Amino acid sequence: MVSRHSVFYSPLIATIAAGFLEQRGLTAEYAILVKGQRSSDLIRDGIVDIMQSAVSSNWGPMERGESPLPVHFALINRRDGFFLVAREPDTEFAWSKLAGQSILADHGAQPLVMLKYAARSNGLEWARVDAIDAGAPEEMARAFRQGRGAFVHLQSPDAHRLECDGAGYVVASVGTSMAQVAFSTLCCSRDFSGTGTCGQFLESYRDAREWVRLAPAGEVARAEAAFFPGYSLAALTAGIEAYRKVGCWECDGEIPRELYEQALNVFQSEGAVARRHPYAEVCTGQ
């Protein structure tokens, strides 16, 4: 199950879409987390084996004393995967241009914390931005098409579909506007992490990750197209190419301790965590 559905998570989607699980005799069902569901509950109750999430998803529950919580065992993205889309092209975009402007900002916990951090890292005080909560990503994109907001903050393929349709222009990557970070990860129960099935999955995931990094972007888009009904191959391909350029998938799948600590830095700087949480309490690996 995924907490978000985007080509940002192509290394995970490709395990199914491109047949990498089948090569090791595994099958899987793919689903998207819906409002009211909690990944930690689904994993604890054995409903979901593996969830796309983020290391930051453990910190709030840890501070509330919740247990057991998932363990994060593989990195998907080492950069934020959101883009800023404007109404006009701007090859010389600067974050200062957001001052006094309205932006349809994703108000999910991690996306908003990262956006604020990127703004401040580039000399922009967030208080100078009119940040609008327009709902879920599809609602944000629809509101932007209807004329609301000077900018919209989206993952792809939504960001690049706006561009392909001539309804907006990608002017900035949030990910390249700030330090690399443990942004999205795979997690499971601690019991499942020690199983042979999890080991086989991880081998398949690493193969899929390399294929997504190196195969022609159009080939990846075609393999994943069935997961994105209503999106053109052009939008899917553009999104995949953009994530490659950003360098989101340039890692071996381990969750580097330094990227975990940088995620903590981001959340701590924005007052989104009460304390620093040890790597070993959240992640397996290094």
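The values are calculated or read from the model by the stated rules, or taken from the named source; none is laboratory data. Everything numeric here is computed off the predicted structure, so don't read it as measured data. Neighbour counts are summed over all protein chains in view; Cβ atoms, including those assigned to glycine, are modelled from backbone coordinates with ideal geometry. For the accessible areas, the whole protein counts, side chains as well, though only heavy atoms, and no ligand, DNA or RNA atoms are used. Shrake-Rupley method; radii C 1.70, N 1.55, O 1.52, S 1.80 Å.
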message = For the condition among the small types (Gly, Ala, Ser), at pLDDT 95 or above and on the phi > 0 side of the Ramachandran plot, what is the one hit in Gly81, Gly100?
response = Gly100
ask   = Tell me, which residue of the stretch 160-198 that is surrounded by 17 or more Cβ atoms within 10 Å (Cβ to Cβ) and of a type in the set (Ser, Thr, Tyr) is farthest from Leu112 (Cα to Cα)?
value = Ser193
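Residue-by-condition table, conditions (1) within 22 Å of Arg244 (Cβ to Cβ); (2) in contact (Cβ under 8 Å) with a residue 40 or more places away in the chain:
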position	(1), (2)
Val34	no, no
Ser40	no, no
Gln52	yes, yes
Val71	no, yes
Glu88	no, yes
Phe93	yes, yes
Gln101	no, yes
Leu104	no, yes
key: Hey, Leu21 out of contact with any Asp or Glu (no Cβ under 8 Å at 6 or more places or on another chain), farther than 29 Å from Leu214 by Cβ, of a type outside the set (D, E, K, R) and at pLDDT 95 or above or not   = no
task = Answer yes or no as to whether Val170 is at pLDDT 95 or above, more than 29 Å from Asn58 (Cα to Cα) and β-branched (Val, Ile, Thr).
result = yes
ask   = Looking only at the stretch 225-268, which residues are among the small types (Gly, Ala, Ser), crowded, with 17+ Cβ neighbours inside 10 Å and in a loop (DSSP other than H, G, I, E, B)?
value = Gly253
request  = Scan the stretch 19-64 for residues that are closer than 16 Å to Gln200 by Cα, out of contact with any Ser or Thr (no Cβ under 6 Å at 6 or more places or on another chain) and among the hydrophobic types (A, V, I, L, M, F, W, C) and report the count.
outcome  = 3
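Residues checked against (1) assigned to a loop (DSSP other than H, G, I, E, B); (2) open to solvent by 10 Å² or more (accessible area, probe 1.4 Å); (3) in contact with a helix residue (DSSP H, G or I) (Cβ under 8 Å, 6 or more places away or on another chain):
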position: Asp90; (1), (2), (3): yes, yes, yes
position: Lys97; (1), (2), (3): no, yes, no
position: Val113; (1), (2), (3): no, yes, yes
position: Gly123; (1), (2), (3): yes, yes, yes
position: Ala127; (1), (2), (3): no, yes, no
message = Which pairs turn up if I take residues in the stretch 269-283 that are in contact (Cβ under 8 Å) with a residue 12 or more places away in the chain and look for partners that are part of a loop (DSSP other than H, G, I, E, B) and open to solvent by less than 20 Å² (accessible area, probe 1.4 Å) with beta carbon separation below 9 Å, at least 6 apart in sequence or on another chain?
response = Tyr279/Ile255; Val282/Pro70; Val282/Ile255; Cys283/Ala182; Cys283/Ile255
request  = Of all residues in the stretch 1-52, count the ones that are among the polar types (S, T, N, Q) and open to solvent by 20 Å² or more (accessible area, probe 1.4 Å).
outcome  = 5
Within the stretch 165-188, tally of residues that are in a loop (DSSP other than H, G, I, E, B) and under 17 Å from the mean Cα position of the chain (by Cα) = 7
